[in-house]
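These notes concern the structure reproduced below.
Please treat every number below as a calculation from the coordinates, not as lab data. Keep in mind that this is a model prediction, so the values were computed, not measured. Counting neighbours? That spans all protein chains shown, and the Cβs are built from the backbone with ideal geometry, glycine included.
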Amino acid sequence: MSGLFGTLSIALSGLGVSQQELATSANNVANANTTGYSREVVDTAAGSPIQIGSLLVGTGVVMQKIESLRDPILEIQLNQATQQQSDLNAQLSQLQQLQTQFASSSSGIGADISNFFNSLQQLSPNPSSLELRQSVLTSASTLAQDLNTAAGSLSTQQSNLNLTVEQSVGEVNSLTSEIAGVDQQISTLENANEDASTLVDQQTNLIRQLSGLIDVQVVQTGNGGIDLSTSNGTALVTGIQSSVLTTEAGSDGNAHIFASGQDITSSLTGGSLAGTLQVRDQEIPSVLSQLDQLAAGFSNAVNAANAKGFDLNGKAGGNIFSTPPAGTTGAAANMTVAITDPSLIAASSDGTAGSNGNLANLSAVATENVASGQTPINFYSNLVFQVGNTTSNVSADVDASTSILQQLQDQRGSISGVSLDEEASNIVQYQTAYQASARVITTIDAMLADAVNLGIETAVQ
Amino acid sequence: MRVNPYPMPDLLAALNQSEFEAQDAALQISTGKSVNVPSDNPTAAALLVENNDQATFNSGFLSDLTTINGQLSAADSTLSSVQTALQQALSLGVEAGNGTLSSSDQGAIVAQLQDIQSQVLSLANTSYQGNYLFSGTVIGTAPYSVDGNDPSGVKYNGNDDVNQVSVGSGYQLAINQPGSQLFSATGNSVFQALNDLITAVGSNTSVDTAVTELDSAADYLSVQTVFYGNALDQVQSQTTYLDAAKLQIAQQQTSLGAADLSSAATELSSAQTDTQAALEAISKFSGNSLFNYLS
């Protein structure tokens, strides 16, 4: 009686497969909002037919596998886009903070420079006036203080970034350790020929998070295994083993990143770490160095001009500003006015109290090349341009890379995203198929009863 | 082609963008500036620094011109008074020289001439806002003191220095004349002439010569005084020029950095419309799938 029992087993296979398909759909629906989840589809095939006489008879349906739909190339592109965008985003937020130091044209360092020369200008018709001389000292002091503040804020921002670097490295280490753990699990499952899709999704998600921090490249090593390293070759995860990155203070006082004793700080090219380091090690030092150049050049020029004249007591002029350090580093942070007595401003060119002859030399500093071959105001306005331009360019780059990332995510969604509409219609389909198979079984059950009872009608319980 | 079934991130991104644009427009309206941070317009931000510098210099020059105007006017009016006194001395000298006066009348004229001499000395020692006007750059010392040993009767204690003040880019104005050039120049000294006239009238000898000497010194002083009139004229025209420049500089500042309020208002309104539309689209989107329709 292989016929009816055979048919029974065919119908049974239908029930089983429908159940699994339903389960898969249910899993998709449950994970519709899970980050990084790739929807699953069931691959079924008709069972190998058997030969009965001259006929080939089907044996029902067989489940081949449950497949996760994802595009590995897309994942690579998404990782790269994430690294790029995180890098730029980290830069942008720091640069926006940095540029607030240079936000106003009517106040701030530029205005202070203008006001200093204006105070000299006001002194000119009345060079012996103590009140007007005091104004010169006051405006000199305001300039020095604003340079101190700007340099101080930049240094503070820089040292805060050291904390950020340390935190980020900690996060990298915890992610690579997690990834190594997942790799282990995947490897175990693959070796047992079992489906590791969910774990692969998890792994992909972790790598994506890692891409937000650092430039990570994935190398497939066969059998589902992967190695992770930075684009410069520093190992992050090798097989099922993760490498730990450490931070130590470098000779510049900043936190440097080490991998197996090698300093990899300047070799990172993506992720928020690269962006943070770019600002900490390139942009901020560049601006600080320029502020130092301005402070040193300005102080030296004013002091030299003062030395050419005579003060109110007929003595040769001394320093108005403190002498900048040799090598100019720290000039902006440490600039102060060296005198408090207004009579020490050397306005006179011949020692008489009413002569303003040396004020011309002091005022001439406004049109002298004091830093990088530029006048004080030109130098400062160029600095403002540079800061604004860098920030504006990075901002445009962030917009562009965000847009690319979004497009890639849309593509991923279209391949791997769960569509509730689709799952709903599938569920209807699977339910119908299940009902049909069940109906077949009921029918066969009745037929079997007929066969057994051979013509005598019996009720089937 | 299968559509991305989860468009929410894109919709939220669009919402975020329109909210950002609304905030940016609102900031421009509330600050009145189109350049609030350098990245808004790096070139304009740099030019605004230069513009502020120009504005500061411009107002500095204008302020100096006011100060200088006061100094020059004080000197000029003092010198007018000196000229008046010298003219009085001249008529007295002419009167004494016509030979018809008695010796007591001569005596009276000498006394009046001596008064005028004191007056001229006092005028030459005028100070303005605490500084002597005619002592060159030795402004703390009175230019002339009585000196019986000097033939002119006075000693000059000042120097010959002239102060220049910058009143425009590359434009220097001399703002004083030393007494040594006005009152006691060699061969044209007002003090010498006055003293000589007093001596001449007192001894009734060579009065005509003394009158001629004083006349010549007064003329010389008159020519030197032209300096002040010229300087005041230059102050006037430079002030006019700088006032016009001030307007230009202010206009440039506006064109560089002021918010175009009407276009910012339009941007704000359109960004708000976009935000509203995005919010409505998102709200219609969420929650609908085939599941809602299967019983």
Could you please find all residues in region A:374-404 being of a type outside the set (Ser, Thr, Tyr), at the interface with chain B (Cβ under 10 Å from one of its Cβ atoms) and surrounded by fewer than 19 Cβ atoms within 10 Å (Cβ to Cβ)? A:382, A:386, A:389, A:393, A:396, A:399
Of all helices (runs of 4 or more DSSP H) completely enclosed by region A:270-345, which ones contain at least 3 residues that are buried (at least 22 other Cβ atoms within 10 Å of the Cβ)? A:271-278, A:284-307
Could you go through region A:350-357 and let me know if any residue there is on the phi < 0 side of the Ramachandran plot and surrounded by fewer than 20 Cβ atoms within 10 Å (Cβ to Cβ). yes
Condition first: without any contact (Cβ under 8 Å) to a residue 12 or more places away in the chain and either under 30 Å from residue B:62 (Cβ atoms) or in contact with a Gly (Cβ under 9 Å, 6 or more places away or on another chain) (or both). Can you find one or more residues in region B:210-224 that meet it? no
Before we move on, is residue B:135 within 13 Å of another protein chain (Cβ to nearest Cβ), in contact with a helix residue (DSSP H, G or I) (Cβ under 8 Å, 6 or more places away or on another chain), hydroxyl-bearing (Ser, Thr, Tyr) and farther than 19 Å from residue B:79 by Cα? no
When you look at residue B:216, is it more than 28 Å from the chain's Cα centre (by Cα) and surrounded by fewer than 22 Cβ atoms within 10 Å (Cβ to Cβ), yes or no? yes
In region B:153-206, which residue that is aromatic (Phe, Trp, Tyr) and not in a loop (DSSP other than H, G, I, E, B) is farthest from the other protein chains (Cβ to nearest Cβ)? B:191
Applying the selection to region B:244-273, what residues are buried (at least 16 other Cβ atoms within 10 Å of the Cβ) and β-branched (Val, Ile, Thr)? B:249
Region A:148-170, subset closer than 17 Å to residue A:243 by Cα and crowded, with 17+ Cβ neighbours inside 10 Å, residue nearest to the chain's Cα centre (by Cα): A:168
By residue number, the members of region A:87-117 that are surrounded by 24 or more Cβ atoms within 10 Å (Cβ to Cβ) and either in contact with a His (Cβ under 6 Å, 6 or more places away or on another chain) or not hydrophobic (A, V, I, L, M, F, W, C) (or both) are A:87, A:91, A:94, A:105, A:110, A:114
Of (1) under 31 Å from the mean Cα position of the chain (by Cα); (2) in a helix (DSSP H, G or I), residue A:104 satisfies every one except (2)
Can residue A:143 be described as of a type outside the set (D, E, K, R), surrounded by 21 or more Cβ atoms within 10 Å (Cβ to Cβ) and out of contact with any Gly (no Cβ under 9 Å at 6 or more places or on another chain)? yes
Of the numbered conditions (1) in a helix (DSSP H, G or I); (2) surrounded by fewer than 17 Cβ atoms within 10 Å (Cβ to Cβ); (3) facing chain A (nearest Cβ under 9 Å), residue B:49 satisfies every one except a single condition; which is it? (2)
Considering each of B:228, B:241, B:220 in turn, give the residue that is among the hydroxyl-bearing types (Ser, Thr, Tyr), part of a helix (DSSP H, G or I) and under 22 Å from residue A:354 (Cβ atoms). B:228
Could you look through region B:1-19, keep only residues that are surrounded by 15 or more Cβ atoms within 10 Å (Cβ to Cβ), more than 56 Å from the chain's Cα centre (by Cα) and more than 7 Å from every other protein chain (Cβ to nearest Cβ), and pick out the one that is farthest from residue A:413 (Cα to Cα)? B:11
Could you pull out the residue among A:384, A:418 that is part of a loop (DSSP other than H, G, I, E, B) and of a type in the set (A, V, I, L, M, F, W, C)? A:418
Inter-residue pairs, beta-carbon under 7 Å, first in contact (Cβ under 8 Å) with a residue 40 or more places away in the chain and in region A:71-88, second among the basic types (Lys, Arg), 6+ apart: A:74/A:412; A:78/A:208; A:78/A:412; A:79/A:208; A:82/A:208
Is there any pair linking a residue in region A:153-165 that is part of a helix (DSSP H, G or I) to one that is surrounded by fewer than 17 Cβ atoms within 10 Å (Cβ to Cβ), with Cβ under 7 Å and at least six apart or on different chains, and which? A:157/A:97
Restricting to region B:94-129, name every residue that is in contact with an Asp or Glu (Cβ under 9 Å, 6 or more places away or on another chain), among the small types (Gly, Ala, Ser) and closer than 30 Å to residue B:77 by Cβ. B:96
Considering (1) under 28 Å from residue A:205 (Cα atoms); (2) in contact with a helix residue (DSSP H, G or I) (Cβ under 6 Å, 6 or more places away or on another chain), say which one residue A:363 fails and leave the rest. (1)
Kindly provide the set of residues from region A:1-28 that are aliphatic (A, V, I, L, M) and either farther than 30 Å from residue A:410 by Cβ or surrounded by fewer than 17 Cβ atoms within 10 Å (Cβ to Cβ) (or both), ordered by number. A:1, A:4, A:8, A:10, A:11, A:12, A:15, A:17, A:23, A:26
